[in-house]
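Presented below is the structure to which this report refers.
The values are calculated or read from the model by the stated rules, or taken from the named source; none is laboratory data. Quick caveat: nothing in here was measured; it's all calculated off a predicted structure. Glycine gets a Cβ as well: all are built from the backbone with ideal geometry, and neighbour counts include every protein chain shown.
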Amino acid sequence: MNASELQRIATAMVAKGKGLLAADESSGTIKKRFDGIKLESTEESRRTYRELLFTAAPATKAISGVILYDETIRQKTKDGTPFPQYLSQNGIIPGIKVDAGAKPMAACPGETITEGLDGLRERLAEYHALGARFAKWRAVIDIAAGIPSWAAINANAQALARYAALCQEAGIVPIVEPEVLMDGAHSLERCEEVTSLVLSTVFHELFVARVLLEGIVLKPNMVISGKKAPDRAPPQTVAEATLRTLKRHVPPAVPGIAFLSGGQSSAEATLHLGLMNKMGPLPWALTFSYGRALQDDALKAWLGAVGNFAAGQKAFAKRARLNGLASTGGYAAEMETQAA
């Protein structure tokens, strides 16, 4: 493990004005996205869509890295350049999703444990050879009656720590992603309580596992009301609660925090990020690692049609630019209606 190289990569992932594109949707998930635009999900349609995102030139100014899926890291641009090589040549760090998904957790009804530790050392070596320099592992914590349990929180935190240690051993920066879901009708206060417990447990386990904090990027949820909450907290309250929670539980040794969007609308996720970055100074960089919140506009503009390829790229570039501005506190809501 080269500590200085891990730290260099982690710092580059959260460089000022830049964030991460999460393009690591599983085959099942991207099929659902394509179903929404009435497009058949084939290996070629998935490859074309990822190429649309990766080659949208203006977007590279705001994208520091891309999280790839196992299929995608092995695919190429239409001119034959492997995606990881193309990204690297354009100043974007290739990354890879390495978990095997959240599965039902024994003896914990309604809760999940993320699997994928078996064989991870060997997979990381292969992904490093393919060009990946960071990885992602997502733990999922749900809020409902009687959950989350301590058993689920603790088991997922331990798995995240074991994954992170293996990544650093392989010369790969781990994105540590403990996601408290915003599904349900819980209040912002309940989300803050659960997020606090999850983050404190995760960082305890990272310490026990001897993970170098300077060589990770944290990918947490924002502290936000559940989607079905009758009285959802306003954006400023979300920003304040999220920062309060992070300052209490995330050591300043961590180079950066790249939020997941977690079901927020594109504009909502950008607004919350922008508000937080106006409330500095902060001990870490605060940026984005969005999937749907970066891609939805592009997908709707493209619709799988060859003639809409440029329109899809333009929509993606605008969304990336707005999030890049939000990561420096330079975003304003009225920018949503301005031309790209």
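Out of curiosity, is R8 of a type in the set (D, E, K, R), under 15 Å from A253 (Cα atoms) and assigned to a helix (DSSP H, G or I)?
Yes; evaluated as a whole, the condition is true for this residue.
Of the conditions (1) under 22 Å from I37 (Cβ atoms); (2) modelled with pLDDT under 95, P281 satisfies every one except a single condition; which number is it?
The one condition P281 does not meet is (1).
Taking A15, is it assigned to a loop (DSSP other than H, G, I, E, B), at pLDDT 95 or above and closer than 25 Å to C167 by Cα?
yes
Scan the range 246-259 for residues that are crowded, with 18+ Cβ neighbours inside 10 Å, of a type in the set (A, V, I, L, M) and assigned to a loop (DSSP other than H, G, I, E, B) and jot them down.
Matches in the range 246-259: V250, V254.
Within the range 293-304, which residues are without any contact (Cβ under 8 Å) to a residue 60 or more places away in the chain and either surrounded by fewer than 22 Cβ atoms within 10 Å (Cβ to Cβ) or within 18 Å of S45 (Cα to Cα) (or both)?
Within the range 293-304, D296, D297, A301 meet the criteria.
Just checking: which of the helices (runs of 4 or more DSSP H) contained wholly in the range 22-138 hold 1 or more residues that are in contact with a strand residue (DSSP E or B) (Cβ under 9 Å, 6 or more places away or on another chain)?
Qualifying helices (runs of 4 or more DSSP H): 43-54, 70-73, 83-89, 120-130.
For the range 193-244, which positions are among the charged types (D, E, K, R) and either touching a residue at least 40 places away in the same chain (Cβ under 8 Å) or in a loop (DSSP other than H, G, I, E, B) (or both)?
Passing the criteria: E205, R210, E214, K219, K227, K228, D231, R232, R244.
If you scan the range 260-313, which residues turn out to be assigned to a helix (DSSP H, G or I), of a type in the set (G, A, S) and closer than 22 Å to K228 by Cα? Walk me through how you get there before you give the answer.
Filtering the range 260-313 for residues assigned to a helix (DSSP H, G or I) gives 266-277, 292-302, 306-313.
Filter once more, so that each one left must be of a type in the set (G, A, S): 266-267, 269, 274, 293, 298, 301, 307, 310-312.
Those that are assigned to a helix (DSSP H, G or I), of a type in the set (G, A, S) and closer than 22 Å to K228 by Cα: S266, A267, A269, A293.
Only one of these is part of a helix (DSSP H, G or I), in contact (Cβ under 8 Å) with a residue 40 or more places away in the chain, farther than 22 Å from L124 by Cα and among the small types (G, A, S): A185, A152, A164. Name it. Write out each step before concluding.
Numbers: A185 fails: part of a helix (DSSP H, G or I); A164 fails: farther than 22 Å from L124 by Cα.
The conditions single out A152.
From the list G110, G65, G101, pick out the single residue that is in contact with a helix residue (DSSP H, G or I) (Cβ under 8 Å, 6 or more places away or on another chain), small (G, A, S) and either on the phi > 0 side of the Ramachandran plot or modelled with pLDDT of 95 or more (or both). Steps first, please.
Details: G110 fails: in contact with a helix residue (DSSP H, G or I) (Cβ under 8 Å, 6 or more places away or on another chain); G101 fails: in contact with a helix residue (DSSP H, G or I) (Cβ under 8 Å, 6 or more places away or on another chain).
Residue meeting the stated conditions: G65.
Can you name the residue in the range 59-73 that is out of contact with any Leu (no Cβ under 7 Å at 6 or more places or on another chain) and of a type outside the set (F, W, Y) and, of all such residues, is surrounded by the most Cβ atoms within 10 Å (Cβ to Cβ)?
Among those residues, the one meeting the criterion is L68.
Look through the range 314-330, keep the residues that are in a helix (DSSP H, G or I) and of a type outside the set (A, V, I, L, M), and return whichever of them is nearest to E25 (Cα to Cα). Step through it out loud before you land on a result.
Taking the range 314-330 as the starting set, the residues that turn out to be in a helix (DSSP H, G or I) are 314-326.
This time we only want the ones that are of a type outside the set (A, V, I, L, M), so: 314, 316, 318-319, 321, 323-324.
Numbers: K314: 21, F316: 17, K318: 21, R319: 19, R321: 22, N323: 20, G324: 22 Å.
The selected residue is F316.
Name the residues in the range 37-82 that are hydrophobic (A, V, I, L, M, F, W, C) and touching an Asp or Glu at 6+ places or on another chain (Cβ under 8 Å), would you?
Selection gives I67, L68.
Going through L117, L124 one at a time, which residue ends up being buried (at least 23 other Cβ atoms within 10 Å of the Cβ) and at pLDDT 95 or above?
Numbers: L117 fails: buried (at least 23 other Cβ atoms within 10 Å of the Cβ).
L124 is the lone residue from the list that is buried (at least 23 other Cβ atoms within 10 Å of the Cβ) and at pLDDT 95 or above.
Of all residues in the range 163-193, count the ones that are of a type in the set (S, T, N, Q) and in contact with a helix residue (DSSP H, G or I) (Cβ under 9 Å, 6 or more places away or on another chain). Let's see the steps before the verdict.
Our first condition is that a residue be of a type in the set (S, T, N, Q); within the range 163-193, this holds for 168, 187.
If we keep only those that are in contact with a helix residue (DSSP H, G or I) (Cβ under 9 Å, 6 or more places away or on another chain) too, we end up with 168.
Number satisfying all stated conditions: 1.
If you scan the range 251-275, which residues turn out to be free of Cβ contacts under 8 Å to residues at least 60 places away in the same chain, under 26 Å from R8 (Cα atoms) and within 17 Å of the chain's Cα centre (by Cα)?
Keep residues of the range 251-275 that are free of Cβ contacts under 8 Å to residues at least 60 places away in the same chain, which gives 251-254, 259, 261, 265-266, 268-269, 272-275.
Applying the additional criterion that residues be under 26 Å from R8 (Cα atoms) yields 251-254, 259, 261, 273-274.
Matches in the range 251-275: V254, F259, S261, L273, G274.
Could you list, in sequence order, all residues of the range 16-34 that are surrounded by 24 or more Cβ atoms within 10 Å (Cβ to Cβ), more than 21 Å from V98 (Cβ to Cβ) and not basic (K, R)?
Matches in the range 16-34: none.
Quick one: which residue in L197, L243, L160, L212 is buried (at least 22 other Cβ atoms within 10 Å of the Cβ), touching a helix residue (DSSP H, G or I) at 6+ places or on another chain (Cβ under 8 Å) and either at negative phi or modelled with pLDDT under 95 (or both)?
One residue alone meets the criteria, L160.
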